[in-house]
Amino acid sequence: WFADNRNTLTFSQSLTKGQFNPYDTIYAQTDTLLNDNVVIGSSSYDRNSETNRQFQNYGTSLLFKHLFAKEGTELTADVNVNLIESTFQGDYVSRYSETLSNIQRQSGGGKMQLYTSQTDFTSKLSDKLKVEAGLRGSVRHYESVYDNFRLNESTGLYEQLPGLLVDYEFVDQVYAAYGTISKNAEKWKYQVGLRAESSNYMGKLRDTTLTFKVQYPISLFPSLYLTRVISETQDVQLALSRKISRPSFMQLIPFVDYSDSLNVSRGNPELEPEFTHLAELSYQKSYNKKNVFIATAYARYITNLTIRNQV
């Protein structure tokens, strides 16, 4: 809706539905070796897995844009809501011999509500100088319930494994504000920025009393991008920044995933984000439209490094 020549309002609605049904067949053989690499034992198994996953996503967004009288100055604001649901069922058959097998089933589903809002302001102070600022908020609420079963071959019925029930819920909140100033001059080009961010993760296993929490009241992320133009064909660039990488959902889940009895996995809900300090210095020389020489040196320092442990 073009309210006038300076204000625009945009509304959109979407519905996405889908499913996928992968089927996997695995043959594995394991040898046991002595120190002199002599095989003293060998075992093998066949593994068939057939899964069905369905999902749907309802998305709504509202965008507002305002153009100021001053050229190059504008304000945008948007709100987005996504409601996601999924269901899952998987059958896993592991056969170790003609008489020994293990047949499992996992079923369940999850729901997620994702709310995000953002506003950005941009203004050109001159032909060469520009400032930008903005705010962003994100709230994610996730729920999942999964049951695990094992086939009783004598009765032909799947029996529930109560100890492997998954009933998990978490709320993840991230709020941020940023500002940058950039200048594009003849010999020097630069962009200096600072982002402040606050995050709060809270989760709980609803069938127990276990709760989890990771909080960062305020974290700062400065950045500097500097270019020295030597000539029309060559320049030197310097980039300094601090970044954050949050653990994924699978890295945070506090329960053991038994969908594969031979490859169980478990996350750590107390994982903290990784923080990375980056520095990069590069030189670029253009000889013609087809030939360019680039030399780069960089350094990276990471704290709270996340490493996957194999058990």
Long-range amide H partners of THR73 with built H, under 5 Å: PHE68, LYS124
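How big is the equivalent ellipsoid of the chain along its three axes, where each semi-axis is √(5λ) from the Cα gyration tensor, reported in whole Å from largest to smallest? It would help to have the intermediate numbers written out before the result.
Numbers: eigenvalues 483, 177, 74 Å².
Ellipsoid half-lengths, sorted descending, are 49, 30, 19 Å.
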Straight-line reach only, C-alpha to C-alpha below 19 angstrom: list the aspartates and glutamates that LYS128 could link to, leaving out same-chain residues fewer than 8 apart. GLU71, GLU74, GLU186, GLU232, ASP235
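Ranked by accessible surface with a 1.4 Å probe, highest first, in what order do ILE103, ILE244 come?
Working: ILE103 20, ILE244 45 Å².
The most accessible residue leads, giving ILE244, ILE103.
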Counting Lys and Arg as +1 and Asp and Glu as -1, what is the net charge of the other residues whose Cβ lies under 13 Å from the Cβ of GLY59? -1
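Grab the alpha carbons of region 76-133, take their convex hull, and tell me the volume per residue in Å³. Please list the in-between numbers first.
On the way: hull volume 8.1 nm³, N = 58.
Cα convex hull per residue, to the nearest whole number: 139 Å³.
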Listed here are the pairs LYS189/LYS290; LYS70/LYS189; LYS187/LYS289; LYS70/LYS124; LYS65/LYS243; which of them are more than 20 Å apart at the Cα? LYS189/LYS290; LYS70/LYS189; LYS187/LYS289; LYS65/LYS243
Once phi is turned into θ = phi - 60°, what whole-Hz ³J(HN,Hα) does the Karplus curve with 6.51, -1.76 and 1.60 give for every residue of region 281-293, x standing for Gly and Pro? 10, 9, 10, 10, 10, 9, 8, 7, 5, 10, 10, 9, 10
What is the ratio of the Cα radius of gyration of region 193-247 to 2.2 N^0.38 Å, where N is its residue count, to two decimals? 2.01
Candidate cut points under GluC sites (Glu not before Pro) in region 134-190, DSSP loop plus at most 15 other Cβ atoms within 10 Å of their own Cβ, are GLU153, GLU186
For region 130-139, Karplus-derived ³J(HN,Hα) couplings (6.51, -1.76, 1.60; θ = phi - 60°; whole Hz; x for glycine and proline) come out as 9, 10, 9, 8, x, 10, 8, x, 9, 10
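The values are calculated or read from the model by the stated rules, or taken from the named source; none is laboratory data. Just so it is clear, the model here is predicted, and its values are computed rather than measured. All Cβ positions, even for glycine, are placed from backbone atoms using ideal geometry, and neighbour counts span all protein chains on display. Quick note on the areas: whole protein, heavy atoms, side chains included, nothing else; ligands and nucleic acids left out. Shrake-Rupley method; radii C 1.70, N 1.55, O 1.52, S 1.80 Å.
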